[in-house]
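Colleague: Sharing a structure with you now.
The values are calculated or read from the model by the stated rules, or taken from the named source; none is laboratory data. Note that the structure is a prediction, hence the values are computed from the model and not measured. Every residue, glycine among them, receives a Cβ derived from its backbone with ideal geometry; neighbour counts consider all protein chains shown. Side chains included, ligands, DNA and RNA excluded: accessible areas come from the protein's heavy atoms. Shrake-Rupley method; radii C 1.70, N 1.55, O 1.52, S 1.80 Å.
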Amino acid sequence: ESPVEAVYSPWLPLCNFSVTSGPPVKQGAALLLGLSITIATCHIHTLHSLVTVIGTWIIIKSSWRHAPALSLSWTFLYLLFFRLVTKFGLPSPTPFANAVQLLLTLKMVSLANEVRSFHVEKKKDVSSFAKSPVVGGLSQEPSIYDILSYSYCYVGIMTGPFFRFQTYIDWVRQPSPLALPGLTPCLQRLKPVPVYGALFLAVNSVFPLAYVRTEDFLDQNVFYRMFYMVAIFFVFRMRFYSAWCGAEAGCISAGLGCYPEKALSKPGGGPTVDYSPDPTTEEKYDFKTIQNIDCYNTDFCVKVRHGMRYWNMTVQWWLHHYIYPNAPFKAYTLRAGWTMFISAYWHGLHPGYYLSFLTIPLCIAAESAMEASVRAKLGPRGQNIFDWVHWLLKMRAYDYMCMGFVLLNATDTINYWMSIYFIMHVIAVCCILVGRVLKGGKKEGRRGDKEEKREGEKIDNDKNKSGEKTD
């Protein structure tokens, strides 16, 4: 039994009670359970999350117009203090406290955006005397109790996935939670977990990460050193596949994120179109709102940029809606780089995060250059071969970047990359140069501009539907 399971077990009866009770009782029970888990695992460090919540509430009450930008600044600055807390003579937070703080940061920024959208749409309603066509918008500004309840809801409090405040409110107010389909999708999500867990344990025992830091590892031939990163990334994927599939199953068992299929829900964001129950037909539901991983597409999608979409999907939605649109750059690659920098900062202060995440824009630029200068000129068979090579290089790129993510410090990461001659950096730069030599530079630029325009239009459309705006 894991530490988290040991904490959850005594509270399972209360968990079941909260799911089947009315909204006020359900909200209170979910808060009580989540807060109890937080205090039991984080102890005095629970104060960090509490200060973050209260600070966000003050920002929202003081200036809802600027709440998105102010809440982002507040939560990210507090995240810096949280990670440097020992420099101020305070005790180091527990890993549980770190998990709570990370998810809470996402929730508070999202909440500020939702509240601002509520007030903006409310003004539109008053001026036009008509209800705005907003999907998933708040019906009222949340109270401090609502914010605390959302922040400390026991569902995914340490494991994720991220979900919006409106998703939480929809869950609390579910009219007939027991009538929703939970058992079958929950078991379906749990099916591969034992396999992922067994593969993680087996491969990790044969290819331990610590071996990379030894002198003996550097004495191995270069092909073995290159193969080692493939094994390490496989272990990394299996660990998170099992954890996230289990976390999704927990959300499904509680009924969180259950919407009709016709709502066209997105991971993290929830419904994207308006929906209403049809009493004449049997409603079909899904849990896409809380889907955090697409294991198949993570492994088998072709492009580096697409691989990010299927990994940690709810956090990717958050980055896509709250960070990418506000990047201080216009070029697609630079905006992607800014988004990756913010993602690295959210994960932590270890240099390995930044070395890994900031390699992604280089890989995106490389694949764009080759697509414009090579793939576009090939026939169907040639494009098929190109895609297979592209997929192989995509996986090796993620293997390569994963080493920085797990080794954490700059010295170990650079020593490993140096031991394989910075091969993926070299390949990426060569692809960019080949693209320019083959006169793909202009096409690449136009392709990037078009993709950026599509991304921008997509974000604007999503925000118009959900009622969320950015400063």
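Colleague: Taking the Cβ of Lys26 as the center, what net charge do the other residues with Cβ under 14 Å away carry, scoring Lys and Arg +1 and Asp and Glu -1? Could you put the intermediate results ahead of the total?
Modeller: Numbers: positive: Arg173; negative: Asp146, Asp170.
It works out to a net charge of -1.
Colleague: Pairs of Cα atoms under 8 Å, at least six residues apart: use those to get the relative contact order of the chain, whole percent.
Modeller: 16 percent
Colleague: For the range 294-442, how big is the tail of P(r) above 22 Å, as a whole percent of Cα pairs? Working shown, then result.
Modeller: Numbers: 4729 of 11026 pairs.
In whole percent, the long-distance tail amounts to 43.
Colleague: I've got another one for you. Given an 8 Å cut-off on Cα distances and at least 6 residues of separation, report the relative contact order of the range 294-442 as a percent.
Modeller: Details: 150 pairs, mean separation 42.5, N = 149.
It rounds to 29 percent for the range 294-442.
Colleague: Moving to a separate point now. Does the range 140-195 come out rounded, prolate or oblate, given a ≥ b ≥ c as the square roots of the eigenvalues of its C-alpha gyration tensor, rounded meaning a/c under 1.5 and, failing that, prolate meaning a/b above b/c?
Modeller: Taking the square roots of the gyration eigenvalues as a ≥ b ≥ c, the range 140-195 is oblate.
Colleague: Another one. Counting only protein heavy atoms and using a 1.4 Å probe, what share of the accessible area of the range 26-130 belongs to carbon plus sulfur, as a whole percent?
Modeller: Numbers: 3320 of 4560 Å².
Percent of accessible area from carbon and sulfur atoms in the range 26-130: 73.
Colleague: To continue, here is another question. Figure the gain on full extension for Leu77 and Asp294 (residue separation times 0.36 nm, minus the Cα-Cα span) and round it to one decimal in nm. Display every interim value, and only then the final one.
Modeller: Numbers: separation 217, 0.36 × 217 = 78.12 nm, distance 3.17 nm.
Here the answer is 75.0 nm.
Colleague: While we're on this one: Taking only the alpha carbons of the range 224-265, what extent do you get along each of the three principal axes, in Å, biggest first?
Modeller: Rounded to whole Å, the extents work out to 49, 20, 7 Å.
Colleague: How large is ³J(HN,Hα) for each residue in the range 262-270, as worked out from phi by the Karplus curve 6.51 cos²θ - 1.76 cosθ + 1.60 (θ = phi - 60°), to whole Hz, x for Gly and Pro?
Modeller: These are the phi-based 3J(HN,Hα) values: 5, 6, 6, 5, 10, x, x, x, x Hz.
Colleague: If I ignore ligands, DNA and RNA and count only protein heavy atoms, how much of Tyr398 is accessible to a 1.4 Å probe, in Å² to the nearest 10?
Modeller: Around 40 Å² of this residue is reachable by solvent.
Colleague: Just subtract the alpha-carbon distance of Lys123 and Val434 from 0.36 nm times their residue separation and send over the number in nm, one decimal.
Modeller: Gain on stretching Lys123 to Val434: 106.6 nm.
Colleague: Here's a follow-up. Please compute the net charge surrounding Cys301, taking Lys and Arg as +1 and Asp and Glu as -1 over other residues with Cβ under 10 Å from its Cβ.
Modeller: +2
Colleague: On average, how much accessible surface per residue is there in the chain, in Å², for a 1.4 Å probe, leaving out ligands, DNA and RNA?
Modeller: 47 Å²
Colleague: Just the number: Rg to Rh for the chain, Cα atoms, Kirkwood Rh, two decimals.
Modeller: 0.97
Colleague: Here's another thing I want to ask about it. When all protein chains stay in place, what accessible area (Å², nearest 10, 1.4 Å probe) is found for Phe329?
Modeller: Solvent-accessible area, nearest 10 Å²: 90 Å².
Colleague: Which of rounded, prolate or oblate describes the range 277-329 when judged by the alpha-carbon gyration tensor and an a/c cut-off of 1.5?
Modeller: Details: a/c = 3.31, a/b = 1.59, b/c = 2.08.
In terms of gyration-tensor shape, oblate.
Colleague: Multiply the residue gap between Gln174 and Tyr145 by 0.36 nm, knock off their C-alpha separation, and tell me the result in nm, one decimal place.
Modeller: In short, 8.5 nm is gained.
Colleague: How high is the FRET efficiency between Val25 and Leu378 when r is their beta carbon distance and R₀ equals 45 Å, given to the nearest 0.05? Write down the numbers at each step before the final one.
Modeller: Values: r = 62 Å, r/R0 = 1.38.
Approximately 0.15, to the nearest 0.05.
Colleague: Only Lys, Arg, Asp and Glu count, each charged at its Cβ (+1, +1, -1, -1), so figure out the dipole size of the range 294-442 about its Cα centre, rounded to 20 debye.
Modeller: In debye, rounded to 20, the range 294-442 gives about 680.
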